[in-house]
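This report concerns only the one structure given below.
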Amino acid sequence: MSDSPRTTDTLTPRSWGGVDDVVIVGGGLAGLFCALKLAPRPVTIVTAAPIGEGASSAWAQGGIAAAVGEGDTIDSHVEDTLVAGAGIVDEKVIRAMAEEAPARINDLLKYGVPFDRDLEGHLMLSREAAHSHKRIVRVQGDRAGAAIMAALVTAVRNTPTIRVLEGLVVDDLYVDGRYVTGIHARPAGRAGKPMALPARAVVLASGGIGGLYAITTNPREARGRGLAAAARAGAVIADPEFVQFHPTALDVGKDPAPLATEALRGEGATLVNKNGERFMLPVHENAELAPRDIVARAVFAEIQAGRGAFLDLRPVEKFSERFPTVFAACKAAGLDPSSQPVPIAPAAHYHMGGVLVDANGRATLDGLWAAGEVASTGAHGANRLASNSLLEAVVYAARIAEDISRLIALPQTLAWPADSCEVPPPLAAEGIEDAKRLRDAMSKYVGVIRDSAGLVHALGEILTIEATAKRPSVRDMATTALLVASAALMRTESRGGHFRSDFPNADPAQAHRTFTSLEEARRIACAATAKAAA
């Protein structure tokens with residue numbers, strides 16, 4: 001399929017006819033929260049997996065960052081974010097987000113999220129790496145994501161103006177000039193008739209790109225498909241080179257890799273090598289609570305040196321009770337964290353880049369909004385501060401709902417006819433080898449540590465896979481990988497989640513965000529690979 005976005009003259013009628021009011025692509029936190037905020041406006045949610053599944057939001061262990069604790073301040077939250085973001089955070093964006101945090105926490109409470117409270121009814125807070133205060137609003141220690149999603153799924157199912165179409169993936173956006181007029185979708189993982197959903201507004205909430213890497217904490221669905229569709233339609237993409245690798249994924253051979261939340265280190269867990277040495281002590285003054293990119297590189301270095309990397313959970317009081325998700329993952333892998341440290345490795349965890357949006361969540365194409373990990377707001381800079389992601393998702397989902405309501409008149413029809421799609425079976429084998437080849441190349445050459453030669457090699461692999469892909473899913477993976485690798489090649493410095501061994505220091509002249517397009521990414525890739533072949 002070509003890079004050209006679909007145009008309105010290819011639209012075909014759907015069985016129920018007419019034009020959707022708002023179509024939301026994705027059933028994670030941002031998508032569900034936006035749909036609820038739009039009620040009673042009619043909304044259609046399109047998602048490959050059942051809502052609440054296949055979304056990174058449901059796997060989030062830490063919680064939501066909010067300066068609501070005693071002694072904490074908005075200024076402190078902002079400052080911590082600026083430091084972690086390595087010089088390119090948009091301060092106005094994060095300040096506004098931090099100020100809105102209490103209101104969004106209250107929204108979630110109203111939707112039934114059971115945040116932890118003390119005996120006096122106050123929210124219980126945890127501290128995570130690079131935060132100066134305890135400000136992580138949590139649920140049962142490490143079950144925030146699952147609990148939040150369960151509450152929102154129930155609320156969505158009980159809202160008659162929200163229709164959910166499960167088992168559909170979005171291949172492309174329909175565009176008319178600069179205006180997005182709908183989406184093109186098809187059954188996920190199985191043969192079936194594609195369908196067109198014309199819409200007055202499209203909200204991308206399709207998640208991240210972790211599945212582009214061989215080791216990731218993200219669900220299988222997080223492979224950058226929404227980002228690829230937006231890029232093909234002509235949307236500006238921001239900061240694609242900045243990928244955050246979580247330093248403590250359990251290294252037990254599972255795909256995706258189980259996550260060991262950062263909150264564990266906030267509660268006393270330490271990082272050691274096979275000799276029992278705490279290798280973070282000489283690396284950073286905050287040791288295990290250093291920013292994620294620093295910890296991830298240190299873990300990677302220990303593994304590369306043959307010393308291995310392990311998380312010692314024995315200092316964490318009542319570990320099995322307070323962190324049941326991690327405890328269960330350890331037990332399922334045959335590990336006994338009470339007797340010995342557990343093996344870990346860095347894993348692709350979060351994409352700071354994405355579809356460029358403004359303060360209202362508007363993309364650079366009219367009629368298109370984006371929220372959650374698929375969007376790039378400027379709040380995270382080069383390295384996201386822990387638990388700011390869920391905050392960003394709900395803040396921008398709410399803003400988008402308000403913006404759409406302000407711009408587009410409420411339609412007369414406030415309910416949808418019943419409709420559904422069956423949940424798809426597992427993916428067919430075709431294209432699996434190409435996907436594995438791409439994931440391996442991304443991990444090896446566009447991972448925790450990068451250099452020019454490796455990036456050019458990766459770009460060659462990506463271009464070949466994109467040109468020959470038989471599955472739309474693999475094509476989309478390659479398109480998104482092209483955006484990440486080309487931007488990484490052009491940023492000749494190290495900053496936050498982007499580390500170049502051939503340019504190991506930060507360059508003050510490059511202390512700015514990246515703004516690119518698919519056309520520009522392809523130009524960079526073709527020029528670099530041609531030069532290498534000459």
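The values are calculated or read from the model by the stated rules, or taken from the named source; none is laboratory data. On a predicted model such as this, the values are computed, not experimentally measured, just so you know. With ideal geometry, Cβ positions are generated from the backbone for all residues, glycine too; neighbour counts draw on all protein chains shown.
Just checking, how many residues over the stretch 81-129 are farther than 28 Å from Ala35 by Cβ, out of contact with any Asp or Glu (no Cβ under 6 Å at 6 or more places or on another chain), in contact (Cβ under 8 Å) with a residue 12 or more places away in the chain and hydrophobic (A, V, I, L, M, F, W, C)?
Filtering the stretch 81-129 for residues farther than 28 Å from Ala35 by Cβ gives 82-89, 91, 118-122, 124-129.
Okay, now just the ones that are also out of contact with any Asp or Glu (no Cβ under 6 Å at 6 or more places or on another chain), so 82-89, 91, 118-122, 125-127.
Going one step further and asking which of them are in contact (Cβ under 8 Å) with a residue 12 or more places away in the chain, we end up with 82-89, 91, 125-127.
Checking which are hydrophobic (A, V, I, L, M, F, W, C) leaves us with 82-84, 86, 88-89, 125.
Matching residues across the stretch 81-129 total 7.
Please state which one of Ala469, Ala506, Ala488 is small (Gly, Ala, Ser) and surrounded by fewer than 17 Cβ atoms within 10 Å (Cβ to Cβ). It would help to see each step written out before you state the result.
Numbers: Ala469 fails: surrounded by fewer than 17 Cβ atoms within 10 Å (Cβ to Cβ); Ala488 fails: surrounded by fewer than 17 Cβ atoms within 10 Å (Cβ to Cβ).
The match here is Ala506.
Tally the residues that are surrounded by 24 or more Cβ atoms within 10 Å (Cβ to Cβ), farther than 25 Å from Ala214 by Cβ and not aliphatic (A, V, I, L, M), restricting the search to the stretch 338-367.
Result for the stretch 338-367: 1.
Would you be able to say whether some residue in the stretch 248-269 is buried (at least 24 other Cβ atoms within 10 Å of the Cβ), at pLDDT 95 or above and among the acidic types (Asp, Glu)?
The answer is no, given that none of the residues of the stretch 248-269 is buried (at least 24 other Cβ atoms within 10 Å of the Cβ), at pLDDT 95 or above and among the acidic types (Asp, Glu).
Six or more apart or on different chains, Cβ under 6 Å: which pairs go from a residue in the stretch 31-54 that's under 16 Å from Tyr111 (Cβ atoms) to one that's part of a loop (DSSP other than H, G, I, E, B) and of a type in the set (Gly, Ala, Ser)? Could you list them?
Qualifying pairs under 6 Å: Gly31/Ala205; Ile45/Gly27; Ile51/Gly27.
Quick one: what pairs do we get from the stretch 182-210, first residue among the hydroxyl-bearing types (Ser, Thr, Tyr), second part of a loop (DSSP other than H, G, I, E, B), C-beta under 7 Å, 6+ apart or different chains?
Ser206/Gly26
Since Arg495 meets every condition but one in (1) crowded, with 20+ Cβ neighbours inside 10 Å; (2) more than 20 Å from Asn383 (Cβ to Cβ); (3) basic (Lys, Arg), which condition does it not meet?
(2)
So which of Ala393, Ala359, Ala382 is in contact (Cβ under 8 Å) with a residue 12 or more places away in the chain, under 19 Å from Glu91 (Cα atoms), in the same structural domain as Ala86 (by TED's automatic domain parsing) and assigned to a loop (DSSP other than H, G, I, E, B)?
On the way: Ala393 fails: assigned to a loop (DSSP other than H, G, I, E, B); Ala382 fails: in the same structural domain as Ala86 (by TED's automatic domain parsing).
After applying the criteria, what remains is Ala359.
Does Pro324 qualify as being within 20 Å of Pro258 (Cβ to Cβ), modelled with pLDDT of 95 or more and in contact with an Asp or Glu (Cβ under 9 Å, 6 or more places away or on another chain)? Quick ask: steps written out before the conclusion?
Values: within 20 Å of Pro258 (Cβ to Cβ): yes; modelled with pLDDT of 95 or more: no; in contact with an Asp or Glu (Cβ under 9 Å, 6 or more places away or on another chain): yes.
It is false that Pro324 is within 20 Å of Pro258 (Cβ to Cβ), modelled with pLDDT of 95 or more and in contact with an Asp or Glu (Cβ under 9 Å, 6 or more places away or on another chain).
Does the stretch 170-177 contain any residue that is over 17 Å from Ile64 (Cα atoms), in contact (Cβ under 8 Å) with a residue 60 or more places away in the chain and surrounded by fewer than 18 Cβ atoms within 10 Å (Cβ to Cβ)? Working first, answer last.
Within the stretch 170-177, the subset over 17 Å from Ile64 (Cα atoms) is 170-177.
Imposing the further condition that a residue be in contact (Cβ under 8 Å) with a residue 60 or more places away in the chain reduces the set to 170-176.
Still in the running and surrounded by fewer than 18 Cβ atoms within 10 Å (Cβ to Cβ): 176.
Within the stretch 170-177 (the criterion being over 17 Å from Ile64 (Cα atoms), in contact (Cβ under 8 Å) with a residue 60 or more places away in the chain and surrounded by fewer than 18 Cβ atoms within 10 Å (Cβ to Cβ)), the answer is yes, since at least one residue qualifies.
Among the candidates Ile162, Ile148, which residue alone is among the β-branched types (Val, Ile, Thr), under 29 Å from Ile24 (Cβ atoms) and over 22 Å from the mean Cα position of the chain (by Cα)?
On the way: Ile148 fails: over 22 Å from the mean Cα position of the chain (by Cα).
Among Ile162, Ile148, only Ile162 is among the β-branched types (Val, Ile, Thr), under 29 Å from Ile24 (Cβ atoms) and over 22 Å from the mean Cα position of the chain (by Cα).
Scan Asp255, Asp293 and give me the residue that is within 19 Å of the chain's Cα centre (by Cα) and assigned to a loop (DSSP other than H, G, I, E, B).
Numbers: Asp293 fails: assigned to a loop (DSSP other than H, G, I, E, B).
The unique qualifying residue is Asp255.
Test of understanding: among Gly87, Gly54, Gly71, which residue is within 19 Å of the chain's Cα centre (by Cα) and part of a loop (DSSP other than H, G, I, E, B)?
Values: Gly87 fails: within 19 Å of the chain's Cα centre (by Cα); Gly71 fails: within 19 Å of the chain's Cα centre (by Cα).
Result: Gly54 is the single residue among Gly87, Gly54, Gly71 that is within 19 Å of the chain's Cα centre (by Cα) and part of a loop (DSSP other than H, G, I, E, B).
In the stretch 458-479, is there at least one residue being in contact with a Ser or Thr (Cβ under 9 Å, 6 or more places away or on another chain), in a helix (DSSP H, G or I) and closer than 28 Å to Leu82 by Cβ?
No, the stretch 458-479 contains no residue that is in contact with a Ser or Thr (Cβ under 9 Å, 6 or more places away or on another chain), in a helix (DSSP H, G or I) and closer than 28 Å to Leu82 by Cβ.
From Ala429, Ala393, Ala332, which residue is at pLDDT 95 or above, surrounded by fewer than 24 Cβ atoms within 10 Å (Cβ to Cβ) and of a type in the set (Gly, Ala, Ser)? It would help to see each step written out before you state the result.
On the way: Ala429 fails: at pLDDT 95 or above; Ala393 fails: surrounded by fewer than 24 Cβ atoms within 10 Å (Cβ to Cβ).
From the options Ala429, Ala393, Ala332, the qualifying one is Ala332.
So the check is Cβ under 7 Å with 6+ separation or different chains; which pairs have a first residue in the stretch 150-166 that's assigned to a strand (DSSP E or B) and a second one that's of a type in the set (Asp, Glu)?
Listed by first residue and then by second, the contacts come to Arg163/Asp419; Leu165/Asp419.
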